[in-house]
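Colleague: The structure under discussion is supplied below as structure tokens; questions concerning it will follow.
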Amino acid sequence: MKDKLFVSSQLSLKSSNSVKHGEFTKISDGLWLIKDTCNVYLIKEKERAIAIDFGSGQWLHTIDQLGIRFLDHVFLTHHHRDQCYGLENESSFNFKIHAPAGEKDFLDPETREKTIDTNRFGRGCPISYSIPAKGIKNVLYDMGGFGYLFWDKKRIRFIQTPSHGPNACSIILDHNDKQIVFCGDAAFEGGTIWHPFNLEWDHWTGEGVLAAWKGLKHLSDVGMDLLCPSHGPVIDENPVSKLSGLTHRLIDFYNVKNSISPDEHDFYIEPQDLLIENRVKKILPSLYQYGNFYLLVSSAGEGLVIDPWLNDMDVFNELLNSLPGIRITAATASHYHLDHCDALDHLRNSYNTRVFLHPEVAAPLNDVNQSYVPWLPVESITPDEFWPMSGTWKWNEYSFNIGHAPGQTWWHTVFRTAVDGMKVCFTGDSFQPNTRWNGTGGFCAYNGNRFLNGFGQTSKLIQQWNPDIIAAGHGSFFRYSKSKFDKITGWAKKTEDAIFRLCPENDVLKHYYSLGVDDSTDVYNKPDVSLLKNELFAWYK
Ligand SMILES: [Zn+2]
Ligand SMILES: [Zn+2]
């Protein structure tokens, strides 16, 4: 049955000298691959054609070489810039543009400001790492999971294959008696994923990874002769077995997104007392905790605040009123996330507190407008004094061991001191008891997480220090156990491996850690990240 929806009109076929000949790679009769910012596929019937994805659209000017006079439809597999940015500058084309249902939130210039935050920088993890700068007008969001449309008598089937976002679709059509699957970025050659950081839809769960796995399980069963991804080569040899390899790798990645130290008890430390309507815990005679902060007091009546968050300051002030004679002379932060440091200036202004920061923690805070990292405070923060990169620091009777401690994020420190005869290690967000989230505050590439030279290296440092108490962020203080940190070291290796095997081209830096900031195929409207980029990559050399 012919679908009347599809009425095509003639393209204006101008030739352009800027486009070189030979950019079309013939895959089979009437099927071409164009290398653009993504792979664009053209399918031709007589003198008409459709395109899968669009890229820059420069190729439009030369398709007359292929005998194509009419482009009827463009089908976008997903909303990422590299798939479609050439569609942004004009409000109408002589072809219809289709996108998966749900992608309107990212593409529609009229409504998307209300549904998504297009300025992702300085906030939490984004739902998309590549939102087109302006959006695209007049898109039909009619590609639904397991649905279809007709192009003349050709049926075009859509199967939802979430990966680069939750709405992404694969497109299936029969051509020359072969079943061809255009899978977008759901799969790449060798059972890998192009830029797998796109599977991290939040900062800690494996939800996106599991959705990708489910989609590929469906796709593996449809029967296919040719798998045409959005990047890299066309896969014509055993595409189903390649997908099967990929589903195993996805499950490995999903599994490491679960507990980082399975089957370890959470032996919390019973506080000595509960103050301020049971909200503040007096853990030891000299150590108090509420929300994200710890207050350590010295025999001379001075106070050191660790991880002050503005949200906690009302209770902090109440606590201080109940401890007469304590002067808040020093403050620090375990890492740069706003919920661990955004009250540093408040303390400085209110109590004349000196702010001490580890150099790595201070780096993203120095100019928050230049930092390509999530959960920054609104205002930049500069310390009065830097801690050493590693070594010791004295404050009153307390002597601290200090280390650079990447884990949840690269810009993190841990430090240990003796409090009332107990060795206490302050660990911020990297290490949590197993009853809290997945035994960590979570990890994702956008947060600058590190494994072997992050969680693993930091675990070893903490084992060397052999503390009695782990004083972590978000109110978790628990008994140290060596076995927990042994498990984390093993998990870090497993995680590093799982991510490495998911990355194409054996390039984990390009495809995972760097979030595509150095990727020439996706450079549109990137922020100036030069300031932090060097630090982001420095660890990898
Ligand atoms: Zn993509
Ligand atoms: Zn954090």
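Bear in mind these aren't lab numbers, they're just calculated from the coordinates by the rules spelled out. Owing to the predicted nature of the structure, the values given are computational and were not obtained by experimental measurement. As a convention, Cβ positions derive from the backbone with ideal geometry for all residues, glycine included, and neighbour counts pool all protein chains shown.
Colleague: Would you mind getting me the FRET efficiency between LYS460 and THR392? Use the beta-carbon distance for r and R0 = 22 Å, nearest 0.05.
Modeller: Efficiency, from the Cβ-Cβ distance: 0.75.
Colleague: Could you calculate the contour length gain from SER399 to LYS494, that is, 0.36 nm times the residue separation minus the distance between their Cα atoms, to one decimal place in nm?
Modeller: Separation in residues times 0.36 nm, less the Cα-Cα distance, equals 30.7 nm.
Colleague: Same structure, new question: Given Cβ point charges of +1 (Lys, Arg) and -1 (Asp, Glu) and nothing else, what value in debye, to the nearest 20, does the dipole of the chain about its Cα centre take?
Modeller: Details: 52 positive and 65 negative charges, 169 e Å.
Its charge dipole is roughly 820 debye.
Colleague: Under the rule a/c < 1.5 gives rounded, and otherwise a/b versus b/c splits prolate from oblate, where does the stretch 105-230 land using the Cα gyration tensor?
Modeller: It comes out oblate by the Cα gyration axes.
Colleague: If you take the beta carbon distance between SER244 and LYS153 as r and set R0 to 41 Å, what does 1/(1 + (r/R0)^6) give as a FRET efficiency, to the nearest 0.05?
Modeller: Rounded to the nearest 0.05, the efficiency is 0.80.
Colleague: Give me, ordered by chain and number, the residues 5 or more places off PHE415 or on other chains with an amide H under 5 Å from its own placed amide H.
Modeller: PHE426
Colleague: Quote the FRET efficiency, to the nearest 0.05, computed for THR435 versus ALA133 with a Förster distance R0 of 41 Å and r equal to the Cβ-Cβ distance.
Modeller: 0.40
Colleague: Then there's this: Going 7 Å from the Cα of ASN453 along its beta-carbon direction, which residues of the stretch 191-217 have the amide nitrogen within less than 12 Å of the resulting point?
Modeller: Under cut-off, by backbone N: nothing.
Colleague: Here is a further query. Between HIS218 and GLU270, what length comes free when the chain is fully extended (0.36 nm per residue of separation minus the Cα-Cα distance, one decimal in nm)?
Modeller: Between HIS218 and GLU270, full extension yields an extra 13.7 nm.
Colleague: Separate question: Place +1 on the Cβ of every Lys and Arg and -1 on the Cβ of every Asp and Glu in the chain, take the dipole about the Cα centre, and give the residue among CYS125, GLY67, VAL139 whose Cα lies farthest towards its positive end.
Modeller: GLY67
Colleague: Restricting the calculation to Cα positions, tell me the Rg (one decimal) and the Dmax (whole number) of the stretch 421-477 in Å.
Modeller: According to the Cα coordinates of the stretch 421-477, Rg and Dmax are 11.6, 39 Å.
Colleague: To continue, here is another question. What residues qualify as long-range amide H neighbours of VAL280, i.e. H under 5 Å apart, gap of 5 or more or another chain, H built at 1.01 Å from N?
Modeller: When sequence neighbours closer than 5 places are left aside, the close amide H contacts are LEU275.
Colleague: Moving to a separate point now. Quick check: residue separation of ARG327 and ASN311 times 0.36 nm, minus the Cα distance between them. What number comes out in nm?
Modeller: Roughly 3.7 nm would be gained on extension.
Colleague: Let me ask another. Tell me the mean residue ellipticity at 222 nm calculated for the chain from its helices only (DSSP H runs of n ≥ 4, each -39500 (n - 2.57), averaged over every residue, nearest 500).
Modeller: Details: 11 runs with 105 residues, N = 541.
That calculation yields -5500 deg cm²/dmol at 222 nm.
Colleague: Pick out, from GLY442, MET389, GLN464, the residue whose Cα sits farthest towards the positive end of the charge dipole of the chain, with +1 on the Cβ of Lys and Arg and -1 on the Cβ of Asp and Glu.
Modeller: GLY442
Colleague: Starting from the Cα gyration tensor of the chain, multiply each eigenvalue by 5, take the square root, and state the resulting semi-axes largest first in whole Å.
Modeller: Rounded to whole Å, the semi-axes are 53, 23, 19.
Colleague: Now, a different point. How many nm separate the modelled label positions at ASN506 and ASN366, each set 7 Å beyond the Cα in the direction of the Cβ?
Modeller: Simple spin-label model gives 3.5 nm for this pair.
Colleague: Could you list the residues of the stretch 202-240 with an amide nitrogen less than 14 Å from a label point located 7 Å from the Cα of ASP174 in the Cα-to-C-beta direction?
Modeller: Under 14 Å, as judged by backbone N against the label point of ASP174, lie 223-225 of the stretch 202-240.
Colleague: Here are some pairs, LYS96/LYS134; LYS35/LYS134; LYS137/LYS242; LYS281/LYS482; which of them have Cα atoms lying more than 30 Å apart in this structure?
Modeller: Working: LYS96/LYS134 19 Å; LYS35/LYS134 23 Å; LYS137/LYS242 36 Å; LYS281/LYS482 25 Å.
Beyond 30 Å between Cα atoms: LYS137/LYS242.
Colleague: Another question about this same structure. Using only the alpha carbon atoms of the stretch 286-356, find the Kirkwood hydrodynamic radius as the inverse mean reciprocal pair distance, in angstroms to one decimal.
Modeller: The answer is 11.7 Å.
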